[in-house]
Amino acid sequence: MHDELKKIEKAACDEIPGAKNRDTLDDLKIKFLGRERGALTLILRGLKNLPAPDRKTAGEEANRLRGVVEELVKKKLNELKKTELDSILKKEWLDVTRPGVKKERGSLHPITRVRREVEQIFCSMGFSVVEGPEVETEWYNFDALNIPKDHPARDMWDTFWLKTERGMWKVEGGTGKVFGGTGHTLRSTFHNLLLRTHTSPVQIRYMQKHNPPIRIIAPGRVYRYEATDASHDIQFYQVEGLLIDKNISIANFKAVILEFFKKMFLKEVKIRLRPSYFPFVEPGFEVDLSCIVCGGKGRAPRSLGEGGCSVCKKTGWLEMMGAGMVHPKVFEAVGYVPGNQQGFAFGVGLDRITMMKYKIPNIRLFHSGDLRFLKQF
Ligand code: PHE
């Protein structure tokens, strides 16, 4: 029995420390200590057949040997765990001090930012935001706005007419829809089409479908067939405003617009109305805003040196929008009962507000696609 145990001890001391991995170690553990057929287990099980005195010594020795084997296994297991961890650490090593790779992030176009701001300001005053199509019929863009054919006022808007068969677009059977718009049914068969020259046709489309009271703004792109320069482009953005109710006066208009400019430029500002002509309003006016750079003084702020203010060209005022009280002819065109309502309308250039707000010197930068410009927003 003694020899037997010695043999087992030698085998365990030889084999266990050489185990290559956990599987082999498990196998070895079973080989020596396994509950069914482990070498030591078999010995211990055989003890009962020995004479009493031998049984005691052999029992003690076998138990000691079990302790030895268990110790060997434990030691080896710790060793294996450590090498496993080492190899994982080696494989998964990374330099946490390395600078990260920056993700490219897009940003909103400055006009989009300002459009959203305008919408938010007017929404806070109870206006809703509506839209109309950029491809318009002559009727919505001109006739309904009291600008009849051959009227000299049409020259105020240099127009991109759409070239179609016979210079016109056929709308089937009078039930066709103006593309992308509010789905108004056209009455006659042929309509000249154009790229809208202002957002005012959205007033018409909205009034056809809604009765007063009305409080809307309509932001969108408009087109003019004209030469470009630093402040003119063939496409730009307007925000149309329309408020209609009973007993609306110019005083209401002034209050709304002053509030809008204050919130937009975050400053105390002044406005002034100059008489002007638009066929769809009466009276009509041009709205000037006290210059937001020089504060209306016409001189350059001290920080900009001694020359006059270049933003307002030393006048102290900035031309911001056309506006007026909605003309009775317009109410007539949309089928309202005459005399039942009054309202004001205005059209403000989004590009211009954006240029003022961010001190952008050239309108053509907006569509330049120049990332050096766009990345600043
Ligand atoms: N539609 C006019 C323009 O584009 C601006 C305007 C709108 C004027 C509403 C008066 C009332 O020039």
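The values are calculated or read from the model by the stated rules, or taken from the named source; none is laboratory data. Every value quoted in this text rests on a predicted model; they were computed, and no experiment measured them. All Cβ positions, even for glycine, are placed from backbone atoms using ideal geometry, and neighbour counts span all protein chains on display. Just the protein is used for accessible areas: all its heavy atoms, side chains included, with ligands, DNA and RNA removed. Shrake-Rupley method; radii C 1.70, N 1.55, O 1.52, S 1.80 Å.
For residues that are within 18 Å of E117 (Cα to Cα) and out of contact with any helix residue (DSSP H, G or I) (no Cβ under 8 Å at 6 or more places or on another chain), tally how many sit in the range 260-289.
Result for the range 260-289: 4.
Based on what the data block shows, is D288 in contact with a Lys or Arg (Cβ under 7 Å, 6 or more places away or on another chain) and either modelled with pLDDT under 95 or surrounded by 16 or more Cβ atoms within 10 Å (Cβ to Cβ) (or both)?
Answer is yes for this residue.
Can we say L266 is open to solvent by 50 Å² or more (accessible area, probe 1.4 Å) and either within 12 Å of the ligand (Cβ to nearest atom) or on the phi > 0 side of the Ramachandran plot (or both)?
Details: open to solvent by 50 Å² or more (accessible area, probe 1.4 Å): yes; either within 12 Å of the ligand (Cβ to nearest atom) or on the phi > 0 side of the Ramachandran plot (or both): yes.
Here the answer is yes, as L266 does meet what is asked.
Hey, can you tell me all the residues within the range 99-133 that are in contact (Cβ under 8 Å) with a residue 12 or more places away in the chain, β-branched (V, I, T) and open to solvent by 80 Å² or more (accessible area, probe 1.4 Å)?
The answer is none; no residue qualifies.
(1) touching a helix residue (DSSP H, G or I) at 6+ places or on another chain (Cβ under 7 Å); (2) more than 22 Å from I257 (Cβ to Cβ); (3) at pLDDT below 90: which one isn't true of P361, the others all being true?
(1)
Run K75 past the list (1) more than 20 Å from the chain's Cα centre (by Cα); (2) farther than 30 Å from I8 by Cα; (3) of a type in the set (D, E, K, R) and report the number of the one that doesn't hold.
Of the numbered conditions (1) more than 20 Å from the chain's Cα centre (by Cα); (2) farther than 30 Å from I8 by Cα; (3) of a type in the set (D, E, K, R), the odd one out for K75 is (2).
Take the range 230-255 and flag every residue that is of a type in the set (A, V, I, L, M) and surrounded by fewer than 18 Cβ atoms within 10 Å (Cβ to Cβ).
Answer for the range 230-255, where residues must be of a type in the set (A, V, I, L, M) and surrounded by fewer than 18 Cβ atoms within 10 Å (Cβ to Cβ): A230, I234, I250, A251, A255.
Quick one: would you say H184 is modelled with pLDDT under 85, touching a helix residue (DSSP H, G or I) at 6+ places or on another chain (Cβ under 9 Å) and within 20 Å of Y225 (Cβ to Cβ)?
no
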